[in-house]
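Working notes, structure below.
The values are calculated or read from the model by the stated rules, or taken from the named source; none is laboratory data. Since the model is a prediction, treat every value here as computed from it, not as a measurement. Here the Cβ positions follow ideal geometry from the backbone for every residue, glycine too, while neighbour counts run over all protein chains shown. Heads up: the accessible areas ignore ligands, DNA and RNA and are worked out on the full protein's heavy atoms, side chains in. Shrake-Rupley method; radii C 1.70, N 1.55, O 1.52, S 1.80 Å.
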Amino acid sequence: MYFAVITILPEMFTAVSEFGITGRAVQNKQVTIECINPRDFTTDNYRRIDERPFGGGPGMVMMAEPLAKAIEYAKSQASQHGCATDAAHCPVIYLSPQGGTLNETKVMALRQYDAMILLCGRYEGIDERLLQRYVDMEISIGDFVLTGGELPAMVLMDSVIRRLPDVMGDAKSAEQDSFVEGLLDCPHYTKPHEFEGLTVPEVLLSGHHANIAKWRFVEQVKRTKQRRPDLWQQFTPNAEQARLLKKVKDEIK
Ligand SMILES: NC(=O)c1ccc(NC2CCCC2)nc1
């Protein structure tokens, strides 16, 4: 997948391009991340990308023209990577608190694109006319305001990259995935067997995979019911999960 990121702080993106699973995906060429700085598309000597807001008020607003040129360049780069650059294949996504909130369903939907152009705002935001003309969708990572769209862009990239086929290898084996959808994760344990007097649930040491899968599912259900009743409300079990739920219904009261 090809990510073009429009940002005046490209150095921030080494956090995803050079470390961890996302860094490895870039190294393996499963993912390309190209940062494009709107300052490179300015025409004045000061490389201005922001101006005072019309109507007055505090702070600065990012100007439309350098961003428009940066987005056009990003589209030409995406097509050189063999990606179609219409909105259906390569959306321009603006990270902002005014967007729809990112969740696992949206992440799974974002995987379908060959490429995406992530637009990161700074200051008070971006000239509305740029958003009108160039942005296909706005996405928020939560109801809070940040100083820039870069961290939300990295959160989005991380969540999509980890879900690309053969990026996580066997770390997310199939049966776990089938239980993970829509439920909180189960508790995890590793060595040593005893930590500050606390031990590990016996079933996890039993080697009995069916019992272990059942225990994990029950823990996911119990956690989701306790911590996120809203998620539990929406949870629609598949056939296998419904069968299991029936079997364990007294355990999950
Ligand atoms: N919740 C979010 O996803 C989010 C995105 C961008 C942002 N700030 C940006 C938006 C325009 C100037 C700074 N704050 C919060």
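Give the residue list of chymotrypsin sites (Phe, Trp or Tyr not before Pro) in the stretch 1-52 that are DSSP loop and have at most 14 other beta-carbon atoms within 10 angstrom.
Those satisfying the criteria are Phe19, Tyr46.
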Problem set entry | Rounded if a/c under 1.5, otherwise prolate or oblate - the stretch 65-145, Cα gyration tensor axes | oblate
For this session: First compute the accessible area of the chain with a 1.4 Å probe, then give the percent of it belonging to carbon and sulfur atoms.
Result: 52 percent
Problem set entry | At most 16 other Cβ within 10 Å, DSSP loop - GluC sites (Glu not before Pro), the stretch 182-248 | Glu194, Glu196
For this session: Only Cα pairs under 8 Å and at least 6 apart count here; give the relative contact order of the chain as a rounded whole percent.
Result: 18 percent
For this session: Could you work out how far helix 64-80 tilts from the main Cα principal axis of the chain, as a 0 to 90 degree angle to the nearest 10?
Result: 60 degrees
For this session: Could you tally up the Lys pairs in the stretch 27-180 with alpha carbons closer than 25 Å? Skip any pair fewer than 8 positions apart unless they're on separate chains.
Result: 5
Exercise. If you take every DSSP beta bridge whose two residues both sit in the chain, what share of them, in percent to the nearest 5, is antiparallel?
Worked result: 15 percent
For this session: Scan around Ile126 for amide H atoms under 5 Å from its own, H built in the peptide plane at 1.01 Å from N, and keep only partners 5 or more places away or cross-chain.
Result: Met62
Exercise. Against the longest alpha carbon principal axis of the chain, how many degrees, from 0 to 90 and to the nearest 10, is the axis of helix 209-227 turned?
Worked result: 60 degrees
For this session: Would you grab the residues whose amide H sits under 5 Å from the one on Ala115? Only those 5+ places off in sequence or on another chain, please, with H modelled 1.01 Å from N.
Result: Tyr2
Exercise. Asp50's amide H: which non-local residues (gap 5+, or another chain) put their own amide H closer than 5 Å, with H modeled 1.01 Å from N in plane and none for Pro or chain starts?
Worked result: Met63
For this session: Report, to the nearest 10°, how far helix 150-161 tilts away from the longest principal axis of the Cα atoms in the chain, using its own Cα long axis and a range of 0 to 90°.
Result: 50 degrees
Seminar exercise, completed: Counting only protein heavy atoms and rolling a 1.4 Å probe, one gets per residue an accessible area for the stretch 2-161 in Å² of 51 Å²
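Where nothing but the Cβ of Lys and Arg (+1) and of Asp and Glu (-1) is charged, how large is the charge dipole of the chain around its Cα centre, in debye to the nearest 20?
I would put it at about 700 debye.
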Seminar exercise, completed: Given Cβ charges of +1 for Lys and Arg and -1 for Asp and Glu, the option among Pro53, Cys186, Leu119 whose Cα lies farthest towards the positive end of the dipole of the chain is Cys186
Problem set entry | Per-pair calculated FRET efficiency, R0 = 35 Å: Val107 and Ser76 via Cβ, rounded to 0.05 | 0.80
Problem set entry | Semi-axes of the equivalent ellipsoid for the stretch 143-252, Cα gyration tensor, largest first, Å | 28, 20, 17
